[in-house]
């Protein structure tokens, strides 16, 4: 499930792309270079665990993070590993 976590972190980074913070499977595949059927299978596991929710719009399925706990963990991981800390003397 490692790539699914990567996908979720990447989705978090791009939450502002849409008002609902949604990304389509095709967008995630393109951004993460993860192909069928791997990413949809991992997203299905995350959906079953209640970590993401999905909605269908025509042929597209849009995913968003649905768990407040997952968002908190992802925010902490993003802050620790994906932000520039050179200007923060506490780090």
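Annotations
- Protection proxy ranking of 22-33, 50-61, by the mean of other Cβ atoms within 10 Å over each peptide's residues and highest first, is 22-33, 50-61.
- Segment residue 49-residue 35, extension gain: residue separation times 0.36 nm, minus the distance between their alpha carbons: 2.9 nm
Coordinate-derived values only; no laboratory data. All figures in this text were calculated on a predicted structure; none of them were measured in a lab. Because the Cβ atoms are built from the backbone with ideal geometry, glycine has one as well, and the counts that use them run over all protein chains shown.
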